Structures are given as structure tokens and as C-alpha cells.
Amino acid sequence: MPDQAAIGVFDSGVGGLSVLREIRARLPAESLLYVADSGHVPYGEKSPDFIRERSQRIAEFLLARGAKALVLACNTATVAAVADLRARYPQLPIVGMEPAVKPAAAATRSGVVGVLATTGTLRSAKFAALLDRFAGDVRVITQPCPGLVERIEAGDLDGPATRRLLAGYVEPLLAEGCDTLILGCTHYPFLRPLLAQMVPSSVSLIDTGAAVARQVQRLLEVSDRLADGSPAPCRFWSSGDPLAMQEILPVLWGESATVDRFPD
């Protein structure tokens, strides 16, 4: 029988909506639950212990609402918490994020790849391991992007402040010859239109949202838990200001919805 239970997705804020969109596009029959921990955004500046505690709290909340799978739609949360959650819930499909080093290394023609990411992701052992495993002879230049997540959380995707901030991060990478840019935070795909104005058309922009959606599909197929038929409306919670998230949902999600307060 089809499994109509929902997929639970969470992020430090609204960035994970970029992943949620990919899941909905690939698995339109699935019901979805989404928690934005916007009261504690950005995770990139928080300690691993803090992020693990928040991830566990949110996972318990989603599981209490019947989630059949969890998606950590946040690179920083994945680094800090995915191993712990998999150990706690060994029978539960749990999918995390990681910067797209492997496809970027395969895509580059100049041999120089730039990475836009949070400080927490770039300083992690997991990111270092990705470079060791997949970068090979490719030169990888990392660029922490403090302040960028906050601009996206505020719904400023192309205003002067966001343009100045993003240009300051991208221009040094282009000057070094990068022809491939990894969007190493789930917030950053929302800046693709702005990035397209800043970089030559020959520069590839790579993120992992679609790959995560494929992995969710694969794990649900293996466990025979794919849904069929009409999904329930997506439900949203925020630990920040629910009304602020409601205002930005039509832009980032593509439609309006009610956002409830996440019970901290």
C-alpha cells in the first residue's frame, strides 16, 4: 500500500525551501512538513553542540507529527548532526546535504572551482574530506559569506545591500579564474538570478538540491514507502517570526501558506 505519511524537512531558516521545491517537483504525491529554525539563524556561526541539540529537537517534533523520513536541508546541520540522528533512528531514511565538490570538479574546464558557503561548512572535517576525495588536481578556492543568509532570510534577493555583499564574495573568485561556483548553502540557490547577472554565462552554478530529492526518492523506494495519490497541503513552522516567513513564502516557495510558530 502507498505510504501517505509526510517527509519532514528542516533548515536553519528559509534556505531549505530550495530543497523542498526540488522534492516537491520530483515527488509530487508526497506530503511535506517544513521547519525553519529562523529564531537561531544562521547556524554557520553556532557551535556543533548547539546545532546537534536543535536538530534533535526539530527531528523529534517532525517525528511526532508522523514523518516517515527526514531531510536536513542545511549543510551546516548535516555536518554537525546527521550522524547523531542516524544513530538515534537507524530505521528512518535520513538525507543530508553536502557541497557539490564532486560534480563541480567534473564540470570545471579551467581547473579552478569556487565555493560559496558558510563559515561552519568550510571549516568542517567533512568538507575537508570531500576535497581530499573528489577535488583531485582541481584548485578549490573557498569563500565564506557572512551576512548573506541574513539578507535572504529578510527576503532581499536583489536589493543594493545584497548585490554589494554578493559581489564582494564572487568577484575575487572570478579573478582567480573560477569557471564553476558551488552554492554551498541551501539559501544561495535563491540568488541564482542575481548571480547570473554577475558572472559570465560560461560559469557554471552548482548546488545539490536536485540530488537530495533523487536520494529521498531512492530511499523511499527501497523501503517501499513512496506515496501515491493526492498529498496533504504542505505545513510550515518557524521558530522566528511566522508572519515574516508567510510574507516571503510566495517568493521562495511559489505559493502562499500559513506558517505556525515552532514551539521552542
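The values are calculated or read from the model by the stated rules, or taken from the named source; none is laboratory data. What you see is a predicted model; the values in this text were computed from it and never measured. FYI the Cβ positions are ideal-geometry reconstructions off the backbone, even for glycines, and counts take in every protein chain you see.
Per-structure values
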item	result
All positions within segment 231-250 that are surrounded by fewer than 16 Cβ atoms within 10 Å (Cβ to Cβ) and under 20 Å from Glu22 (Cβ atoms)	Ala232, Pro233, Pro250
Residue that is of a type in the set (D, E, K, R), modelled with pLDDT of 95 or more and buried (at least 24 other Cβ atoms within 10 Å of the Cβ), where the choices are Asp49, Asp37	Asp37
Residues that are in contact with a helix residue (DSSP H, G or I) (Cβ under 9 Å, 6 or more places away or on another chain) and either in a helix (DSSP H, G or I) or more than 30 Å from Asp37 (Cβ to Cβ) (or both), drawn from segment 193-210	Leu194, Leu195, Gln197, Met198, Val199, Pro200, Val203, Ser204, Gly209, Ala210
Residue in segment 21-31 that is touching an Asp or Glu at 6+ places or on another chain (Cβ under 6 Å) and either hydrophobic (A, V, I, L, M, F, W, C) or assigned to a loop (DSSP other than H, G, I, E, B) (or both) present	yes
Within segment 236-264, tally of residues that are farther than 17 Å from Phe10 by Cα and among the β-branched types (Val, Ile, Thr)	1
Given (1) within 21 Å of Leu226 (Cα to Cα); (2) assigned to a loop (DSSP other than H, G, I, E, B), index of the condition Gly15 fails	(1)
Number of positions in segment 32-56 that are part of a helix (DSSP H, G or I) and farther than 19 Å from Ile94 by Cβ	7
Test for Ala161: is it loosely packed, with under 14 Cβ neighbours inside 10 Å, out of contact with any helix residue (DSSP H, G or I) (no Cβ under 7 Å at 6 or more places or on another chain) and modelled with pLDDT of 95 or more	no
Residue check, Ile206 buried (at least 17 other Cβ atoms within 10 Å of the Cβ), of a type in the set (A, V, I, L, M, F, W, C) and touching a residue at least 12 places away in the same chain (Cβ under 8 Å)	yes
Whichever residue in segment 69-105 is closer than 27 Å to Asp137 by Cβ and out of contact with any strand residue (DSSP E or B) (no Cβ under 9 Å at 6 or more places or on another chain) and, among such residues, is surrounded by the most Cβ atoms within 10 Å (Cβ to Cβ)	Val79
Hits in segment 130-156 (condition: under 30 Å from Leu243 (Cα atoms) and out of contact with any Phe, Trp or Tyr (no Cβ under 6 Å at 6 or more places or on another chain))	Pro144, Pro146, Gly147, Leu148, Val149, Glu150, Arg151, Glu153, Ala154, Gly155, Asp156
Those residues of segment 108-134 which are crowded, with 16+ Cβ neighbours inside 10 Å and either without any contact (Cβ under 8 Å) to a residue 60 or more places away in the chain or aliphatic (A, V, I, L, M) (or both), in sequence order	Val112, Val113, Val115, Leu116, Ala117, Leu122, Ser124, Lys126, Phe127, Leu130, Leu131, Phe134
Selected residue (criterion: farthest from Gly111 (Cα to Cα)) from residues of segment 136-156 that are surrounded by 17 or more Cβ atoms within 10 Å (Cβ to Cβ) and aliphatic (A, V, I, L, M)	Ile152
Pairs, first outside the structural domain of Glu247 (by TED's automatic domain parsing) in segment 138-157, second of a type in the set (Phe, Trp, Tyr), C-beta under 8 Å, six or more apart	Gln143/Tyr169; Cys145/Tyr169; Cys145/Tyr188; Leu148/Tyr169; Leu148/Tyr188; Ile152/Tyr188; Ile152/Phe190; Leu157/Phe190
Residue within segment 59-68 that is assigned to a helix (DSSP H, G or I), at pLDDT 95 or above and out of contact with any strand residue (DSSP E or B) (no Cβ under 9 Å at 6 or more places or on another chain) present	yes
